[in-house]
Amino acid sequence: MDQSEASALLIKSQAEQIRQLAEANAKQAEQLTNLQQKIDKLLSQIAWFTRQFYGRKSEKLSGLDPNQLNLFETPQDESKRLEEIEAERIAAEKQIEASTANRKKARSNRKLLEGLPVIEVVIEPEDVDRDKYKRIGEERTRTLEFEPGKLYVKEIVRPKYGLKDNLIPSTEETPAVIIAPLPLLPIYKGLPGAGLLSEIMLQKYEYHLPFYRQIKQFHHLGVKIPANTLSGWFKPTCELLSPLYKVLKEEVLDTDYIQVDETTLPVINKDSHYA
């Protein structure tokens with residue numbers, strides 16, 4: 001056997017070893033996967049048994065029929081256990097009711113609107129077949145509006161209609177519930193209406209009235225608007241006016257002659273009193 005044949009035989013032998021090692025690695029990987037799945041299953045079973053033995057009584061053997069007596073409990077123990085479960089259920093219901101009541105407490109926005117006149121605007125959905133649909137409720141949305149010398153609450157009422165016959169399938173033509181879409185508001189889920197925001201911007205830029213003075217004016221009209229609330233309304237209003245600003249800027253820059261006021265303004269400066 002010459003050297004070339006020996007080299008070829010060696011290469012062939014090494015290739016066979018590599019193939020066998022690859023197969024062995026694949027089998028081991030499969031075994032590891034199966035073992036990990038068994039471990040996860042056993043861990044979940046251990047967790048379940050732990051909850052059954054050490055969990056609260058209301059969580060133990062919840063899948064069993066409550067009328068089925070326990071083999072290791074006397075009727076008195078069973079009655080006591082059911083009483084404990086019922087007491088825990090009542091306590092849980094009270095806790096849920098208390099948390100719901102806390103969420104439904106009057107928010108600052110609602111307190112802000114107390115004492116103001118309310119004008120209801122009812123928006124009915126279009127083309128409601130009263131033979132098929134009945135009124136099942138309504139959605140109410142409040143905004144704070146402004147008229148010269150007066151603040152008032154605009155309450156948008158949108159009646160909600162549902163199918164009279166629950167057996168009728170819901171389709172695009174006959175949806176289960178019909179309600180008119182909510183008109184666009186200047187600020188998403190915001191309290192101020194377009195009239196109030198327009199007045200705020202007009203007072204600030206046309207009459208140079210700062211926010212703290214506007215707050216005093218609104219207070220005289222019956223609404224105590226916090227300073228941070230008014231400032232929070234300012235930014236989204238500016239964003240709404242940005243398209244108008246861009247158009248105005250283009251028109252100004254397209255003109256041949258632009259005038260500007262470069263008069264210096266006195267500021268608080270101890271040295272020269274001028275900036």
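The values are calculated or read from the model by the stated rules, or taken from the named source; none is laboratory data. No experiment lies behind these values; they were computed from the predicted model shown. Glycine gets a Cβ as well: all are built from the backbone with ideal geometry, and neighbour counts include every protein chain shown. Keep in mind that these areas ignore ligands, DNA and RNA; they rest on the heavy atoms of the full protein, side chains included. Shrake-Rupley method; radii C 1.70, N 1.55, O 1.52, S 1.80 Å.
Things worth noting here:
- Annotation note: Cβ proximity below 7 Å between a residue of the stretch 237-266 that is closer than 30 Å to Leu191 by Cα and a residue that is in a helix (DSSP H, G or I) (sequence gap 6+ or interchain) occurs for Thr237/Leu197; Thr237/Met201.
- Residue match in the stretch 233-251 (condition: acidic (Asp, Glu) and open to solvent by less than 80 Å² (accessible area, probe 1.4 Å)): no
- Count of the stretch 196-225 residues which are of a type outside the set (A, V, I, L, M), surrounded by 10 or more Cβ atoms within 10 Å (Cβ to Cβ) and part of a loop (DSSP other than H, G, I, E, B): 2
- Residue match in the stretch 132-152 (condition: more than 22 Å from Leu221 (Cα to Cα), surrounded by 18 or more Cβ atoms within 10 Å (Cβ to Cβ) and among the aliphatic types (A, V, I, L, M)): no
- Hey, Val177 modelled with pLDDT under 90, hydrophobic (A, V, I, L, M, F, W, C) and open to solvent by 40 Å² or more (accessible area, probe 1.4 Å) or not: yes
- Under the condition of being open to solvent by 90 Å² or more (accessible area, probe 1.4 Å) and assigned to a strand (DSSP E or B), the residues counted in the stretch 113-131 number 1.
- Among the conditions (1) assigned to a loop (DSSP other than H, G, I, E, B); (2) in contact with an Asp or Glu (Cβ under 6 Å, 6 or more places away or on another chain), Leu167 misses just one, which is (2).
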